[in-house]
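First up is the structure itself, then whatever we jot down about it.
The values are calculated or read from the model by the stated rules, or taken from the named source; none is laboratory data. Quantities reported herein were computed from a predicted structural model and do not represent experimental measurements. Methodologically, a virtual Cβ is constructed for each residue, glycine included, from the backbone with ideal geometry; neighbour enumeration extends over all protein chains shown. SASA here: full protein model, heavy atoms, side chains in, ligands and nucleic acids out. Shrake-Rupley method; radii C 1.70, N 1.55, O 1.52, S 1.80 Å.
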Amino acid sequence: MLNENEVLKIEHLSIQFGGLKAVDDLSFSIRKNEIYGLIGPNGAGKTTVFNCITQFYKPNKGTIEFRLKNGGSTNLVDHKVHEIIRLGLVRTFQNVELIRELSVLDNVMIGAHIDFKASMLEQALKLPRARKEEKALREEAEEILRRLDIYDRKDMLVWGQPYGILKKVELARTLMCRPSLIILDEPAAGLNDVETLQLAQLIRRIRDKFDCSVLLVEHDMRLVMDVCDRICAISFGRFLAEGSAKEIQVNPLVQEAYLGSKEEEHA
Amino acid sequence: MNKVKTQLNFKALFKNPYVQFILFGLVLSTLPLLSIQFSFIKSAYITTVGVALIYAIAALGLNLLLGWSGLISLGTAGFMGLASYISAYLTVDMGLPFEVALLAAILVPTFIGILVGLVSLKIEGLYLAIATLAVSEILRKTFEEFDQFTGAFSGKSAKFPQLFGMFQLDRGSTYWLIVFILILVMLITYNMVNGQIGRALNAMRGSEAAAQAMGVNLLKYRLVAFALATIFASVAGVLYVHFIRYSYPSSWTLKLSLDFLAMIVIGGLRSIYGTVLGAFIVFAVPDLFLKQIPYFSQLSYTLNGILIILVIMFYPNGIVMIFKDIRLWVLKLLKKGDRNHVK
Ligand SMILES: Nc1ncnc2c1ncn2[C@@H]1O[C@H](COP(=O)(O)OP(=O)(O)O)[C@@H](O)[C@H]1O
Ligand SMILES: [Mg+2]
């Protein structure tokens, strides 16, 4: 069961692909307004954990309790993948999943999909309710773009934008649904040091402004160490350690896991 | 001062997409009047242009499916044919009003279209193309075999529509009905693709993972895409049979389904005007002009093929983009002119 101050609690999560245990009996929990980091070397199972939380994969075992906006809680495993966002949980993707042929603004508007109340008929005929809704949500999207400093690109196609902008657009899209928990898969991948630093500030600002929790995955330690309140380290799908950035950095198990993988990479 | 203001208002008015659609409709509606006024526009042209506009309606449905949703169908002709037979049968044999026949001729094919949509969740790409082709061919076989319903190879005849049981249309006024419905379909398509539905379809095509994460129910929107495509094809089928006043099994072959594909690829994927343009290029141009030239009448297949290749190479977003380029080019020239003036 969820404690008072928790938004997400994963218990005994396991999933296998063929013989490979990608996630093995993993448990951790995230508190309200916390920025929580999940780290581990490449192939540790971080993205798989994300896919289990968001129901892209159905775990073989374990529960994922999530705090609802009305204060109750639910086991995410009981929901379909497209229902997850309605609960207040939204994600980004490791390889940025945007629609190239749409403008920046329209991409952000996709994040408002669940907010539309007008029926298809009302939309097809552009009846007043559909018109009003579209306008209000468009203004909200523009406001979010302003906050992320990409308002001036709102009418440009996503196609051809630099990687840093794409990451921001994806982040903006998650904010449209007024989430209580955002999960980010390697948000700093592909960014340089300056951009990573800005991203860290942005994530903190989002947490404060939008009053939500953030779960972020990184295999690169720079961002996590900077921004996370608590960190969980995993390796080969198994729990290694949990604690503050400092505690994790000096943890011998974590060091070994990273060192081990570094040696493999060199080999 | 006042004059400048009204001029500006005019400009804004013409930029309004709804005004543009209505103007486009008005331009199309002048054709029957022109053919009375000027003898060089033969009245047969009305038939050709009318059929091109009917095809444009079906092609818009296919564009929603392929262009916006990324789903393929080679079954458009079959659904269009089914609707044409249903409407002919209900009005001629059963004596039902045109409006009732229209409704039934939309509902039955759309039901089948939705079943195909259900299948589309399991199969994709080439396999979906083959499955829809199979459905279409089964339908065509049915048109050939069920002769008390379809008249088999001798065809099924129908009359010009009678609206509200009172207004008997003739060829010219049926043409106007076609224009009216085409503009309506264009407006509805415009509204949908520029709102929540269109973004959901776009997301489904662009990234299924992102679509699902943003709450788009893939099954629902696949069904929506197939239902819309079938509704548009059915409307086109009904208009066709009451305009040409005949439906033959040989009108609903794979060739026609491929023509629809050619229309949207040549005219412009995800472009409303492009689809209409494509229907003209693929159907009306060969019929109006190329038939006059010896040998060329047999070449429309080849010509479509060549056009598709050229378009994909030079205008991957469709020939409709040529207009944009021309506009930019003219604007550039005008600007140059201005600058010279200042000097
Ligand atoms: N859909 C899948 N099918 C088979 N194996 C998978 C699948 N998804 C992930 N894996 C495997 O699970 C392990 C963890 O992968 P992943 O979660 O992507 O790691 P990380 O995100 O930590 O780099 C890898 O060995 C990967 O090959
Ligand atoms: Mg990963």
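Work through the residues other than A:Leu202 whose Cβ is under 14 Å from its Cβ and net out their charges, Lys, Arg +1 and Asp, Glu -1.
Local net charge: +3.
Quantify, in whole percent, the carbon and sulfur part of the accessible surface of the range A:5-139 (1.4 Å probe; protein heavy atoms only).
Carbon and sulfur atoms account for 50 percent of the accessible area of the range A:5-139.
Given labels modelled 7 Å from the Cα in the Cβ direction, how far is it in nm from A:Asn60 to B:Met94?
For A:Asn60 paired with B:Met94, the spin-label model returns 5.6 nm.
So between A:Gln198 and A:Gln94, what do we pick up on full extension, going 0.36 nm a residue minus the alpha carbon distance?
Extending this stretch completely gives an extra 35.6 nm.
Let me know the charge dipole size of chain B about its Cα centre in debye, to the nearest 20, where only the beta-carbon of Lys, Arg (+1) and Asp, Glu (-1) is charged.
Using Cβ point charges on Lys, Arg, Asp and Glu, chain B gives about 1660 debye.
Are there any residues in the range B:181-201 with a reduction of at least 30 Å² in accessible surface when going from the isolated chain to the assembly of protein chains? Probe 1.4 Å, please list them by number.
Hits at the 30 Å² cut-off: B:Ile188, B:Asn191, B:Gln196, B:Ile197, B:Arg199.
State whether the range A:196-262 is rounded, prolate or oblate according to the following rule on the C-alpha gyration tensor (a ≥ b ≥ c being the square roots of its eigenvalues): a/c under 1.5 gives rounded; otherwise a/b larger than b/c gives prolate, and the remaining case gives oblate.
Prolate is the answer for the range A:196-262, as a/c is 1.5 or above and a/b outweighs b/c.
What FRET efficiency do you get for A:Glu4 and A:Arg222 if R0 is 30 Å and r is their Cβ-Cβ distance, rounded to the nearest 0.05?
For A:Glu4 and A:Arg222, the calculated efficiency is 0.35.
With every protein chain kept in the model, how would you rank B:Ser29, B:Ser84 by accessible area, 1.4 Å probe, largest at the top?
B:Ser29, B:Ser84
Can you give me the orientation-averaged projected area of the convex hull built on the Cα atoms of the protein assembly as shown, in nm²?
37.6
Could you sort A:Arg91, A:Arg230, B:Arg245 by accessible area so the largest value comes first, with the probe set to 1.4 Å?
I get B:Arg245, A:Arg230, A:Arg91, largest accessible area first.
Given axes a ≥ b ≥ c from the Cα gyration tensor, I'd like to know whether the range A:142-229 is rounded (a/c under 1.5), prolate (a/b larger than b/c) or oblate.
oblate
Report the far tail of the P(r) of chain A, meaning the percent of Cα-Cα pairs longer than 31 Å.
27
Which far-off residues, 5 or more places away or on another chain, put their amide H under 5 Å from the one on A:Ser235, with H placed in the peptide plane?
Residues meeting the criterion, in which the H sits 1.01 Å from N, are A:Leu240.
What is the set of long-range amide H partners of A:Glu6 at a cut-off below 5 Å, with H atoms built 1.01 Å from backbone N?
Counting only residues 5 or more places away or on other chains, the set is A:Lys32.
To make sure I understand the rule: partners must be aspartates and glutamates, Cα under 15 Å from the Cα of B:Lys159, and not fewer than 8 residues away in the same chain. Which ones qualify?
Within reach: B:Asp93, B:Glu99, B:Asp170.
Specify, per residue and in Å³, the volume enclosed by the convex hull of the alpha carbon atoms belonging to the range A:100-177.
Roughly 83 Å³ of hull volume per residue.
Considering only Cα-Cα distances, which of the following residue pairs are longer than 32 Å: A:Lys46/A:Lys132; A:Lys117/B:Lys141; A:Lys58/A:Lys126; A:Lys168/B:Lys220?
Violating the 32 Å Cα-Cα cut-off are A:Lys46/A:Lys132; A:Lys117/B:Lys141; A:Lys58/A:Lys126.
Can you put A:Leu171, B:Leu258, B:Leu33 in order of accessible area, largest first, using a 1.4 Å probe?
Largest to smallest exposure gives the sequence B:Leu33, B:Leu258, A:Leu171.
Within the range B:193-234, list the residues whose amide N lies under 17 Å from a label point set 7 Å along Cα→Cβ of B:Lys122.
B:219-220, B:222-223
Please name the residues of the range B:215-259 whose accessible area, counted over protein heavy atoms with a 1.4 angstrom probe, falls by no less than 50 Å² between the chain alone and the full protein assembly.
Those residues are B:Gly215.
Give me the log10 of I(q) over I(0) for the range B:20-288 at q = 0.07, 0.12, 0.14 Å⁻¹, as the Debye formula computes it from C-alpha points; what are the numbers?
Log10 I(q)/I(0), no solvent term: -0.23, -0.69, -0.94.
I'd like to know which of A:Phe28, A:Ile53, A:Ile85 lies farthest towards the positive end of the charge dipole of chain A, counting +1 on Cβ of Lys and Arg and -1 on Cβ of Asp and Glu.
A:Ile85
Compute the helix-to-body angle for B:218-244: its Cα long axis versus the longest principal axis of chain B, expressed 0 to 90° and rounded to tens.
Tilt of helix B:218-244: around 80 degrees.
Write down the accessible area per residue of the protein assembly as shown in Å², having rolled a 1.4 Å probe over the full set of protein chains.
48
Using a 1.4 Å probe on the protein heavy atoms, what percent of the accessible area of the range B:172-326 belongs to carbon and sulfur?
C and S atoms contribute 71 percent here.
So, taking all protein chains as they sit and a 1.4 Å probe, how much accessible area belongs to A:Arg238, in Å² rounded to tens?
A:Arg238 exposes around 120 Å² with every protein chain in place.
Give me, ordered by chain and number, the residues 5 or more places off A:Ile35 or on other chains with an amide H under 5 Å from its own placed amide H.
Sorted by chain and number, the residues that satisfy this are A:Val214, A:Asp229, A:Arg230.
Chains B and A: what accessible area do they bury, summed, in square angstrom to the nearest 100, with a 1.4 Å probe?
2400
For the range B:67-87 and the range A:53-113, what is the separation of their C-alpha centers, rounded to whole Å?
For the range B:67-87 versus the range A:53-113, the Cα centre distance is 34 Å.
Going from the alpha-carbon gyration tensor of the range A:51-193, what semi-axes, largest first and in whole Å, does one get by taking the root of 5 times each eigenvalue?
26, 23, 13
222 nm [θ] for the protein assembly as shown, helices only, -39500 (n - 2.57) per DSSP H run of 4+, per residue, to 500?
Per the formula, -18500 deg cm²/dmol.
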